[in-house]
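Values quoted throughout were computed directly from the atomic coordinates according to the rules given, and no laboratory measurement underlies them. The shown structure was predicted, so the numbers you read here are calculated from the model rather than taken from an experiment. Here the Cβ positions follow ideal geometry from the backbone for every residue, glycine too, while neighbour counts run over all protein chains shown.
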Amino acid sequence: MKRYIPIVLVLLAGSLDSCKKFLTEKQVSNLTQDYYNTEEGLNSLINGLYNISRLKNEWDASGARLVQAETDAYMSATNTYATMTAAIYGSNVATIASTNMYNFLGATNADNPPMGVYPHINNCNIALDIIDNQKPGKFGTDENYRKTKRGEILFLRAWAYYLVTNQLGDVPLTLTPKRADNGIYYYPKAKLEDIYKQIIGDMREAYANLPATVSEQGRVTKLAAGHFLAKLYLARAQAATFQNSGDNSLKMLYKGNVATDLDSVISITTDVINTAGGAAGLAQDYWTLFDPKVSETTPSKEVLWAAQFDVNTSLNGRFNNRSVNYHTGNYTDATGVTRAMAYGRPFGTFKPTDFGYDVFTDKVNDSRYYKTFQYEYICNAAGSWTWNANAAAWWNANKPAGEPAVVAGAPRATLGKRALIYLENQKSEALDSTMVMSQPYQFAVRWIRSAVTGRTYYRVNYNQNPIGLNTGSPAPYLSVKKFVDPLRGGSADESNFNSESGTRDAILMRLGETFLVRAEAYGRKGMYNDALADINVIRQRAAYKSGESRPQVLIQWEPAAAALTAGEKTTPYPANGASFNAIRATEEYFTPGTPQALAERYIPTATSKAELFVQFIYNEKTRELLGEGMLWEDMHNAGILYDRTVYLNQMASPLAGRWPVADNPVNGGGQDGNGKGQMKKEYTFRPWPSNYLLQLTDANGKPLDAAAMAAYQNPGY
């Protein structure tokens, strides 16, 4: 049974008379500043600071969209977002600024969760002021207790600065509390270098004082602090050479140049990994990290920190964990599958790019592919598309032994049997179009080929209409299943199938990532053997284990499955234990010109072994962490977000001739090999919202003029 932190949302930017407690409800509407000067009040305030942990997952109009799309492997499903149009991304009044960043910073309606970063930071500053100067009750009598609680506050303030600087670069660095509104909104920006000095120092203190374990699930620990501190050191090291770059999008990433940063990453991650039990600290089966039957009852110790949500949806704030809906595509279009709690509500907000599927270079031996994606749906309702005469004739002539014959006009899908499957194949692996269209289920295949004309077609729907690159089409796509919540709305009752209210905890840090953070630091120092050792710990877990069953869809349809042994291709398709040898990483994976390196689809701007290693580690992070809300930030800080997006994400890219060409490039949405987007380097940072800039003043309370607002704005906007 979960034991949660009782989170209190306290808005203290201007007053202290608005307080909402969720997870443990009590009437506190008449509380004043004096309450927070008590031991109970200060503890309530500290608990309330944990609301910031939910910011990435609550709402696509705030943090969820900012940390998920648009990257090399993940994108928005709506065309105007996916193609990064100027109306969405290109100015201080574009949607990403006026809606997402405005809410993220702390919009005026932030009296409901999610609270923006600056109201949260101000609450942290108030808590620090009280804990350092008032020291009420136990905070004054037990110094170890005070240091632990201070470590929590510093962690949660540093987390907010990390989140907001990832989006905006230089931002105001406020370290003292503001308890009243004096009409002066003078918030000059601090250099990113100074902000990182502050938050690294804060996290060093937190790391020294937080306990290794806690009794309340969701409270930060020494392991979470070490993981986070290592990521801060890595982010500073990644940008250490950018100070004098002629590219503003790189120069803005500069956070300082400290020669020992990579060593610090290695030292701290080693401590975290060893304390967590090394490889034994990882979940044995990758899927159990996300399987709600396991993760919500007995969460793995691999999870170092997760945002807390609850089946009592009244405790989850305004939006609950709405991101549980954002990754699921439409699986109900004439499939014989109706919306079900087990499959999720198909908001279709975010989806993988083709590269998001192709980065899994060995779908037969790397179990993460089939454990990441919802590759199959089972018929649970009437109403599927029907057999036509040609398809019925083909099926009856070619059906597997024991399968029933069919007649034209009958439904394709049968209750309790397969209704929809996916195959993300390559153009060279195109399947016969008649075969694909003549199955007793919808077969969503990326590439098909006509046996009559030899023409190849890209993403044709079950009714033979082209989906192509039209991401807004009401059609299925292979969805990340890590976040499906069968308890949406607070119970498993199927009457909740339309509920948006997610109850699942949201992973923010886990030990699998810690291994990859250390691997990146080793690799950037040229210590490739050490880097590969860490990567192979993750790949050992990813490989199908001896006796573990592969999915039937894999055996039947993955082209590379032909190389499996006869025993592995016989139900229940048990792996023979050779998978790890097939995916064991070596230096060949990032040595220019090798077959392994070519299979990784490296971008053309990376040519040396050192550059290819960086690309390889981010391919590996994508395989491990796809959809978990970390990759946009990580590639941004590494200075590779723009290049990887324009070379690998066709919808966002303005480049021509980068992708294979189909024979159905219709209506501008077909696969013509050209990028469809407007991605620019400046889009790797967000614009400051106009409705934020208009509120700023100088030190005397005078509103900023046009020149001052232009100087405050990020380059390119």
What is the local net charge at residue 447, summed over the other residues whose Cβ is closer than 14 Å to its Cβ (Lys, Arg +1; Asp, Glu -1)? -2
What is the order of 436, 220, fewest Cβ neighbours within 10 Å to most? 436, 220
How would you rank 59-72, 352-365, highest first, on the average number of other Cβ atoms within 10 Å across their residues? 59-72, 352-365
Per-residue counts of other Cβ atoms within 10 Å, averaged by peptide: what ranking do you get for 426-434, 249-257, highest first? 249-257, 426-434
Long-range alpha-carbon pairs in region 189-300, meaning those over 23 Å apart, account in percent for 43 percent
By the scheme Lys and Arg +1, Asp and Glu -1, what is the net charge of all other residues having a beta-carbon under 11 Å from that of residue 239? +1
Over the Cα atoms, compute the radius of gyration (one decimal) and Dmax (the largest Cα-Cα distance, rounded to a whole number) for region 437-552, in Å. 21.5, 56
Of the options 85, 641, 343, report the single residue whose Cα projects farthest towards the positive end of the charge dipole of the chain (beta-carbon charges: Lys, Arg +1; Asp, Glu -1). 343
Can you tell me the dipole magnitude for the chain around its Cα centre, using point charges on the Cβ only (Lys, Arg +1; Asp, Glu -1), in Debye to the nearest 20? 460 debye
Around residue 143, what is the net charge, scoring Lys/Arg as +1 and Asp/Glu as -1 over all other residues with Cβ under 13 Å from its Cβ? +4
What translational diffusion coefficient, to the nearest whole µm²/s, does the chain have by Stokes-Einstein, given a Kirkwood radius computed over alpha-carbon pairs, a temperature of 10 °C and 1.306 mPa s viscosity? 59 µm²/s
In whole Å and largest first, what semi-axes does the C-alpha gyration tensor of region 614-702 yield when each eigenvalue is scaled by 5 and square-rooted? 34, 21, 11
Sorting 245, 653, 578 by the position of each Cα along the dipole of the chain (Lys, Arg +1; Asp, Glu -1; all at Cβ), the one nearest the positive end of that ordering is 578
How many times 2.2 N^0.38 Å is the alpha carbon radius of gyration of region 46-161? 1.34
Taking the beta-carbon count within 10 Å as an exposure proxy, list 155, 685 from fewest neighbours to most. 685, 155
Fewest Cβ neighbours within 10 Å first, please rank 266, 184 accordingly. 184, 266
When ranked by the protection proxy of mean other Cβ atoms within 10 Å per residue, highest first, what sequence do the peptides 437-447, 271-281, 140-150 form? 437-447, 271-281, 140-150
Going by amide H atoms built from the backbone, whose H comes under 5 Å of the H on residue 304, apart from near neighbours? 509, 510, 511
Would you work out the charge dipole size for region 451-560 about its Cα centre, treating the Cβ of every Lys and Arg as +1 and the Cβ of every Asp and Glu as -1, and quote it to the nearest 20 debye? 400 debye
What value, in deg cm²/dmol to 500, does the helix sum -39500 (n - 2.57) over DSSP H runs of n ≥ 4 give at 222 nm once divided by the residues of the chain? -9500 deg cm²/dmol
Taking the simple approach of a point 7 Å from Cα along Cα-to-Cβ for both residue 215 and residue 187, what is their distance in nm? 3.8 nm
